[in-house]
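Notes for the one structure printed next.
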Amino acid sequence: AKKAGRGQFAWYNVEMDESAKERQQLEQDLRLTVRNEAIIPYFQPVFCMATGKLCGFEALARWRHPDKGMISPEIFIEIAEDIGLISQLGWSMLEQACKSAGEWDPSLKLAVNFSPVQFRDPNLVVMVRKILRETGFDPQRLEIEITETAIVLDFDLAKRSIEQLRELGVSLALDDFGTGFSSLSNLRLLPFDRLKIDRSFVTGIYSCPENQKIVAGILALANELELTVTAEGVENLQDHQFLMSMEYQCQQAQGYHYAKPLPGDEIDRQLETKWSN
Ligand code: C2E
Ligand code: CA
Ligand code: CA
Ligand code: CA
């Protein structure tokens with residue numbers, strides 16, 4: 001048993017070493033990549049619940065790594081934050097997403113995720129204004145998604161930034177709602193337009209009474225505060241039907257049940273066929 005224990009320990013060390021090396025390699029690749037724009041937006045369709053019609057897209061970052069294939073943002077966003085590249089990556093994402101969505105029907109909205117670090121960039125408002133001007137994208141079509149972490153770090157700064165972005169005509173959504181700690185007070189004091197209910201409460205809701213109560217509570221609150229709501233992570237028909245049957249409805253929904261995130265050229269194709277109104 002002792003021997004196995006020691007063996008295990010050695011194996012564990014090798015693993016640690018490997019993953020440290022792996023991480024270092026990814027960091028290095030990421031530094032080169034941000035400049036090359038090898039990180040590109042995919043677009044997940046967002047649908048209006050009442051009409052079933054397409055109402056816009058959420059841009060989601062994808063890294064097409066030359067050897068490792070597609071790398072998830074769950075991995076590289078954190079690395080980019082750690083090594084100080086997240087703002088650059090974020091501006092590049094915003095620019096690319098505005099360029100693509102600028103070609104699509106002007107009734108379609110575009111949501112873009114900003115990291116808490118990017119949201120605290122002193123050039124935040126200047127950069128958003130610059131990219132909107134350079135791409136000619138209508139600010140009224142743009143929604144910026146931030147999580148509570150962006151607010152908790154410096155509430156007053158966040159409040160000012162949100163107000164300045166709204167003056168540009170951009171709207172703001174609070175992402176991953178329900179997973180944070182001080183949600184309710186933040187909501188009252190900050191001028192958000194939308195809540196996005198975290199998918200941990202939505203996926204499988206039809207068979208989970210606890211999540212049904214949580215989501216019903218969020219919807220009643222949002223109704224009270226006159227916020228619109230998007231349900232994320234609707235993966236099956238039962239969840240969709242359950243959401244449709246609720247007293248207060250989400251205005252919008254997204255999830256694999258409707259569509260997965262797709263590259264821009266695929267969106268082009270679908271807009272001509274499947275989603276043409
Ligand atoms: P998020 O903002 O909460 O985005 C939703 C995530 O849920 C996306 O994962 C999307 O692909 C996934 N998803 C959508 N529908 C379903 C569903 O029905 N079931 C399940 N299981 N998942 C679904 P993705 O693309 O891997 O992105 C992960 C996270 O990475 C995002 O979570 C966001 O926090 C972050 N992220 C993505 N792109 C960017 C970006 O450009 N900038 C920043 N700062 N963060 C980003
Ligand atoms: Ca999001
Ligand atoms: Ca989310
Ligand atoms: Ca998330």
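The values are calculated or read from the model by the stated rules, or taken from the named source; none is laboratory data. This is a predicted model, so every value here is computed, not measured. A quick note on method: Cβ atoms are made from the backbone with ideal geometry, for glycine too, and the neighbour counts reach across all protein chains shown. The accessibility values were calculated without ligands, DNA or RNA, using every heavy atom of the protein model including side chains. Shrake-Rupley method; radii C 1.70, N 1.55, O 1.52, S 1.80 Å.
Take region 40-65 and flag every residue that is more than 16 Å from ligand 2 (Cβ to nearest atom) and part of a strand (DSSP E or B). If you could, list the steps in order and put the result at the bottom.
Here is the first cut: in region 40-65, the residues more than 16 Å from ligand 2 (Cβ to nearest atom) are 40, 48-54, 63-65.
Matches in region 40-65: ILE40, CYS48, LEU54, TRP63, ARG64, HIS65.
Does ILE79 fit the bill of being open to solvent by less than 40 Å² (accessible area, probe 1.4 Å), farther than 23 Å from PRO45 by Cα and within 16 Å of ligand 4 (Cβ to nearest atom)? Can you show your working first?
Working: open to solvent by less than 40 Å² (accessible area, probe 1.4 Å): yes; farther than 23 Å from PRO45 by Cα: yes; within 16 Å of ligand 4 (Cβ to nearest atom): no.
Spelling it out, it is not the case that ILE79 is open to solvent by less than 40 Å² (accessible area, probe 1.4 Å), farther than 23 Å from PRO45 by Cα and within 16 Å of ligand 4 (Cβ to nearest atom).
Taking the stated definitions as given, is LEU124 over 21 Å from VAL215 (Cα atoms) and either more than 14 Å from ligand 2 (Cβ to nearest atom) or within 14 Å of the chain's Cα centre (by Cα) (or both)?
Values: over 21 Å from VAL215 (Cα atoms): yes; either more than 14 Å from ligand 2 (Cβ to nearest atom) or within 14 Å of the chain's Cα centre (by Cα) (or both): yes.
It is true that LEU124 is over 21 Å from VAL215 (Cα atoms) and either more than 14 Å from ligand 2 (Cβ to nearest atom) or within 14 Å of the chain's Cα centre (by Cα) (or both).
Hey, among the residues in region 161-179 that are closer than 22 Å to GLY233 by Cβ and open to solvent by less than 30 Å² (accessible area, probe 1.4 Å), which one's farthest from ligand 4 (Cβ to nearest atom)? If you could, list the steps in order and put the result at the bottom.
Taking region 161-179 as the starting set, the residues that turn out to be closer than 22 Å to GLY233 by Cβ are 171-179.
Remaining after also requiring open to solvent by less than 30 Å² (accessible area, probe 1.4 Å): 171-175, 177.
Working: SER171: 19, LEU172: 16, ALA173: 12, LEU174: 12, ASP175: 7, PHE177: 10 Å.
Per the criteria, the residue is SER171.
Tally the residues that are more than 20 Å from VAL46 (Cβ to Cβ) and either of a type outside the set (Phe, Trp, Tyr) or within 16 Å of ligand 2 (Cβ to nearest atom) (or both), restricting the search to region 166-203. First the steps, then the outcome.
First, the residues of region 166-203 that are more than 20 Å from VAL46 (Cβ to Cβ): 166-168, 180-191.
Next, only the ones that are either of a type outside the set (Phe, Trp, Tyr) or within 16 Å of ligand 2 (Cβ to nearest atom) (or both) stay: 166-168, 180, 182-191.
Summing the residues that are more than 20 Å from VAL46 (Cβ to Cβ) and either of a type outside the set (Phe, Trp, Tyr) or within 16 Å of ligand 2 (Cβ to nearest atom) (or both) in region 166-203 gives 14.
Could you please let me know if GLU58 is charged (D, E, K, R), touching a residue at least 24 places away in the same chain (Cβ under 8 Å) and within 16 Å of ligand 4 (Cβ to nearest atom)? Outline the logic, then answer.
On the way: charged (D, E, K, R): yes; touching a residue at least 24 places away in the same chain (Cβ under 8 Å): yes; within 16 Å of ligand 4 (Cβ to nearest atom): yes.
Yes: the conditions hold for GLU58.
So which helices (runs of 4 or more DSSP H) are wholly in region 147-226 and hold at least 1 residues that are more than 13 Å from ligand 3 (Cβ to nearest atom) and over 23 Å from LEU243 (Cβ atoms)? Don't jump to the end; show me each part of the working.
Working: elements: 149-152, 155-168, 183-189, 199-202, 209-224.
In region 147-226, 149-152, 155-168, 183-189 are the helices (runs of 4 or more DSSP H) which contain 1 or more residues that are more than 13 Å from ligand 3 (Cβ to nearest atom) and over 23 Å from LEU243 (Cβ atoms).
When region 245-267 is examined, which residues are found to be at pLDDT 95 or above and open to solvent by 70 Å² or more (accessible area, probe 1.4 Å)?
Narrowing region 245-267 to residues at pLDDT 95 or above: 245-246, 250-267.
Once the filter is applied, which keeps residues that are at pLDDT 95 or above and open to solvent by 70 Å² or more (accessible area, probe 1.4 Å), region 245-267 yields SER245, GLN251, TYR256, LYS260, ASP265.
Assuming VAL128 fulfils every condition listed in (1) surrounded by 21 or more Cβ atoms within 10 Å (Cβ to Cβ); (2) in contact with a Phe, Trp or Tyr (Cβ under 7 Å, 6 or more places away or on another chain) apart from one, which condition is it?
(2)
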